[in-house]
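Heads up, the thing below is written out as C-alpha cells.
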Amino acid sequence: MHDNERRLSDYIDQLNAEKKPKDHEHLGADPELQKLFHTARLVRSLREPAMPERDFPAKLVRAVTDQLVQTKQKKKKRAWMASIVGIAAVLALSLLMHIVSLFDQPNIVKAMEKAFQDVTAYHGFLEIVETNAQGKTTTQAKLEIWADKHGRYYIRELEGTNKGLITVNNGRTKWQIRPSEKQVHRFPAFPDPYRFAFELGTEIKGIKQAISTNIIREEKTGNRPSWIVEVTPQGGEPYRIWIDKETRLPLQKQYAMHHGIQYKLTYTKIEWNDVIPEKLLAYHVPKGFQEVSQNPEQIVTSIDEAKESVGFLPDTVSQIPPGYVQDRIAIIPDKKLVKLYYRALDKEIVIIQGKAIGKWKLAPTAMVGKIHHQTAEIQSPVVEESGVLGAGGPYAGLTDLHSIRWRQNGFEYAVIGHASLGDLIAFTKELTNGAFEMPTHKDPFPFKPKVEVPVDLEREKNDQKKRRCWKFALEIGSFVCGSSICQPANVPWRHYWRLPDSL
Amino acid sequence: MVHANEGSRVNWIEHLCLSTREPVYRLIYFKVQNREEAEDITQETYVRAIPYLQKNHVPPDKQMAFLKTVALNIIRDRWRQHQRRGTTADLEAIAPKEAAFEDPVEWSVQRMTIEKALNELNEEQRTVIELRIIKGYSVAETAQIMNKKETTIRVMQHRALQSLTRILHDGMK
C-alpha cells in the first residue's frame, strides 16, 4: 500500500509538471491504482488545460511536413548520382540548420532569459522615435538609463521636451528632479506604476508570456546583427522586437501603428555593469531646488519607534519566509498605519497593519479565505483598495500585484506584493500562526452577479484598444511629451508627461 | 484536396495544422492531462490523418471531426497496447463522451458530476485533492498549507482518491 501511495503521488507530480507519467509508458500498476490514476485525471480536467509551448505550431508543421513530404522527395533523389546526393544533403542540412535556427523560438526566449540571468545591471542610451502615417520620423526623446535587477533605476532625459528631467527609484524612495521647476518631487518607492519604457527584464518577461513569438527575419540594428521577432502579447497589439544575436538581449522595439503614429525604441548603446553607481542612487536635493514630498510614508528605525508613532505594537512574522529579508519599516502617521517591507531578489512584499475601522467589506472580485472562522480577502490581481489597502498606496490595477487582507483582534492586516500568491500565503500564515486557509473549490468567489448586463463586444473591443493606447502613452509618457491623439481626456496635460503629483 | 506540387501541399498542411491544432490538442489534453503527451499525440494525429484527408477529398467542414476521431483512436491504440501487456488501464473509460467538446451542456454535466463527487468527500480529503490536483501544489507545499507531514498528505490523497473513485463509480450505476 505504501508503494501505491508513493506511485500515486509521483503520478500526480508528473501530471502537475506537464510530463508524461512513467505509468503511461510502463503500465505495471495494479488495477486499483490504475483506477486512482484515472480519477486523478478526471479531477484534473476541471483545470484549464496547459496549452503547448509557444513554438509548438511551428514544430508541429515542421514535423508533420518532414514526415509526409520528405518521403516523396526521397524517392526522387534515388535517381541522383551519389556525389550529387552528397552535395544536396550537405546543402539541405545547411538549409535545415538555418531554418531550425530561424524558427527555434523557445531557444530564443530561453536564451534571452539565460543571458539576462547573467546581467546584474546595465547602462544604456535609449532613443524614442515617432513615425507618422506619412513616414515622417521625429525623435521624441533620448534617455540615459541605469537599471539593475533589484528594480532600481536612474533615468536622465538627454534630449526631448523634458530635457534634464531625472527620475530615480533606489528601492527606498523614488524622486524626480525637475530642472524647469527647480523642484524635487518625492514618491513612495513601492509600488512603482510609472517605471520606464523598454526595461529589459520586463520586456523578456512579456515575451516569455506572449501568445506567440515568430522570428521573421534577420537585420542589423546599429551594426549589431539581430533577429526580428514578432511578438503577440497576452493583451494588446503585436509588436516587433530586435534581439542582438551576440548578447541574446533586446535592442529595439517597434509598436504597431496606432491612429497613424508608431513608436520605435532603440538602445543605441548598452553596456553591462555590476552595479549602478551609488552616487546616482543617493537621494539629494540640488542647490536652489525645493523639495516637494508626495510620499506619505515615514521611515522608522525600529518596531518600537513605529509603536510610539501609531500607538500600537505592530505584529511581525515569527520567521521570515525563505529567500526574503526585512528591508525597512515605515509608518503613515496620519493614517496610523505601519508598513513592514520584505525583499527578495526581484520581489517585494509589504505587510500593512492598522486598527480596524468601519465595517469589514470584501472586494466583490476577491476570493475568500478564512482566518479563525473570519473571512480573508484574496485579490489576485488587486482590483479594489478597501480598508488598509486604500490607505497604503495606489495598488489597484497594477499587474502582478496580489494581496491578502483580514481582520483579527481589532486590527486590520494586508499582505501585498509583487510576488507569487504562495509567498503571500507564507507571510500570512506566519502572521496568523498558521490559521490562514485558502478557499475551497466550492465557492471561492463571494458574490455572484444578480443581473446579467448586456455587453456590446465590438464597442468593448474598441474601448480596450483606446485604453491600451493610453496605457502605452503613460508608459513612455514619463519621458516623452506624447502626441495628443493618445492623451486621455481626464488627465491634465502636465500629468501626461510627468509623474502625477497624486501618486 | 490533393495538390499538384509539393509547395502547395506543404502550404495546405501548414494551414490545416494551424487552423485546427487548438481543439485537437485540447481534446487530447483532456484525456491524457499532460502537455508532453498531448503534444506528441497531436503530432501523430496529423501524420496519420493527413494522407487520408487528402486521398479522400474530405471537405473542410468534416476535417475537424475526422481529426478528433483519429486522435481518439491513437489514444485507444496506445492504451490497448498497454492492456495487451497485462494491465487494465482504460483511458477511454475516464473520458467524457466524444461529443463533450462539441456540446457545452455535456461538458457542464460532466463537470458538475465531478464537483458533486468532490463535495461528498470530507473537508480534509477535499482540501488535499484541491491543493494537489486542482491547484497543482507539491506534497511539501500542501503539507505546509495543511500543517501536516508529507507522508500524511500522501496517505490522505490516496484515501481521498479511493473515496472519490467509489463515489463516481456508484454515481454511474
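No lab work stands behind these numbers, since they all come straight from the coordinates. Since the structure is predicted, the reported quantities are computational estimates derived from the model, not experimental observations. All Cβ positions, even for glycine, are placed from backbone atoms using ideal geometry, and neighbour counts span all protein chains on display.
The table for this structure:
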| read-out | value |
| --- | --- |
| Whole-number percent relative contact order across the range A:187-262, with pairs defined as alpha carbons under 8 Å at least 6 apart | 21 percent |
| Under 14 Å, Cβ to Cβ, from A:A210 - net charge with Lys/Arg +1 and Asp/Glu -1 | 0 |
| Highest to lowest packing among A:289-302, B:137-150, scored as the average C-beta count within 10 Å | B:137-150, A:289-302 |
| Net charge of Cβ neighbours under 13 Å - reference A:Q117; Lys, Arg +1; Asp, Glu -1 | +3 |
| Net charge, A:A356 excluded, C-beta distance under 15 Å - Lys, Arg +1, Asp, Glu -1 | +4 |
| Solvent-free Debye scattering, log10 I(q)/I(0), computed from the Cα coordinates of the range A:222-261 at q = 0.16, 0.21 Å⁻¹ | -0.44, -0.67 |
| For the range B:55-69 versus the range A:339-358, the gap between their alpha-carbon centres in whole angstrom | 57 Å |
| At most 12 other Cβ within 10 Å, DSSP loop - trypsin sites (Lys or Arg not before Pro), the range A:199-290 | A:K287 |
| 5 Å-binned pair-distance histogram of the range B:1-77 (Cα, whole percent) | 3, 16, 29, 24, 15, 9, 4, 1 |
| Per-selection Rg to Rh, the range A:143-291 - Cα, Kirkwood hydrodynamic radius | 1.01 |
| Electrostatic dipole magnitude of the range A:122-209 [Cβ: Lys, Arg +1; Asp, Glu -1; Cα centre; debye, to 20] | 320 debye |
| Shielding by partners - mean other protein chain Cβ count within 10 Å, residues of A:414-422 | 1 |
| Within 10 Å of each Cβ in B:121-134, the average number of Cβ atoms from other chains | 4 |
| Relative pair counts by distance (%), Cα atoms of the range A:176-259, 5 Å bins | 3, 12, 19, 20, 14, 9, 11, 9, 4, 1 |
| Trypsin sites (Lys or Arg not before Pro) restricted to the range A:291-366 and DSSP loop, no more than 13 other C-beta within 10 Å | A:K359, A:K361 |
| The range A:315-371 - Kirkwood radius from inverse mean 1/r over Cα pairs (Å) | 13.6 Å |
| Å³ per residue enclosed by the Cα convex hull of the range B:128-169 | 53 Å³ |
